[in-house]
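Each remark here refers to the structure printed beneath this line.
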Amino acid sequence: MRKGKPNDPERRTRILRAALEVIASEGVHAASYRRIAVQAGVPLGSTTYYFADLETLIVSAFETLRDGLEPRYAAPMRDARLDTDVVDALVAATCGSTAPTLTDIRLYEEMHLYGARSPRVAEVLRDLQEESLMVLRRSLPDGTARAVDALMWGWWSYRALHPGDPLDQGMVRSAYRALVDIAVTRMERGDRRGVAESTPGV
């Protein structure tokens with residue numbers, strides 16, 4: 001049971017924010033109670049007051065990241081009415097106006113690495129991916145949504161590894177256009193047969 005009482009109601013939030021800052025700049029392996037306390041500008045005891053163990057602190061920080069980052073293309077995808085709108089939204093989310101920052105991408109990458117060892121973080125990751133797929137499924141069949149999601153994550157990883165080599169938006173657009181066209185063709189073929197597309201596949 002926690003003892004004492006907090007003096008600063010915002011302290012827990014500052015600790016979580018500091019944890020993400022440390023993870024983004026130095027990696028999960030550097031996220032110790034002491035390092036996070038220094039980053040947050042709080043006494044070391046505050047970290048153990050709010051978080052009984054380091055795993056809980058790290059998981060809580062990643063949950064904050066998930067909750068604060070609605071899939072970047074969510075609003076544009078919800079508003080998409082035409083195939084071209086869908087492609088535009090995907091390009092913008094990959095390397096345009098709604099794309100994640102390099103810091104965001106580094107945090108995603110660290111979450112993936114830590115999730116391979118932590119079932120609790122793996123669950124956060126699954127929730128994040130499902131939220132992303134739910135947005136994509138508004139406009140795309142399940143198989144195409146999964147292919148688009150995987151492609152987008154791959155390009156985000158490329159951006160993190162090659163920050164000085166920007167993605168070619170024309171190439172990105174062509175790739176998404178091809179996936180969307182395949183999905184449209186399959187759905188139209190299914191309509192002509194009088195059968196809705198129900199089996200997974202791009």
When every residue in the stretch 32-47 that is within 20 Å of GLU10 (Cβ to Cβ) and in contact with a Leu (Cβ under 8 Å, 6 or more places away or on another chain) is compared, the one surrounded by the most Cβ atoms within 10 Å (Cβ to Cβ) is ILE36
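Quick one: how many residues across the stretch 126-135 are touching a residue at least 40 places away in the same chain (Cβ under 8 Å) and out of contact with any Phe, Trp or Tyr (no Cβ under 8 Å at 6 or more places or on another chain)?
Restricting attention to the stretch 126-135, the residues satisfying the condition of being touching a residue at least 40 places away in the same chain (Cβ under 8 Å) are 127-128, 131-132, 135.
From what is left, the residues that are out of contact with any Phe, Trp or Tyr (no Cβ under 8 Å at 6 or more places or on another chain) are 127-128, 131-132.
Residues meeting the conditions: 4.
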Can we say ARG173 is touching a helix residue (DSSP H, G or I) at 6+ places or on another chain (Cβ under 8 Å), part of a helix (DSSP H, G or I) and either closer than 17 Å to LEU65 by Cβ or not acidic (Asp, Glu) (or both)? yes
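Can you report the number of residues in the stretch 78-119 which are under 20 Å from ASP67 (Cβ atoms) and in contact with a Lys or Arg (Cβ under 7 Å, 6 or more places away or on another chain)?
Going through the stretch 78-119, the residues under 20 Å from ASP67 (Cβ atoms) turn out to be 78, 93, 98-101, 103-112, 114-115, 118-119.
Going one step further and asking which of them are in contact with a Lys or Arg (Cβ under 7 Å, 6 or more places away or on another chain), we end up with 78, 93, 98-100, 105.
Going through the stretch 78-119 one residue at a time, the tally reaches 6.
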Of the residues ARG159, ARG173, ARG186, ARG177, which single one is in the same structural domain as VAL87 (by TED's automatic domain parsing), modelled with pLDDT under 90 and basic (Lys, Arg)? ARG186
Of the conditions (1) touching a Ser or Thr at 6+ places or on another chain (Cβ under 6 Å); (2) closer than 14 Å to VAL87 by Cβ, LEU140 fails just one. Which one is it? (1)
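The values are calculated or read from the model by the stated rules, or taken from the named source; none is laboratory data. Please read these numbers as outputs of a predicted model, since none were measured by experiment. Please note: Cβ atoms are built from the backbone with ideal geometry, for glycine as well, and neighbour counts cover all protein chains shown.
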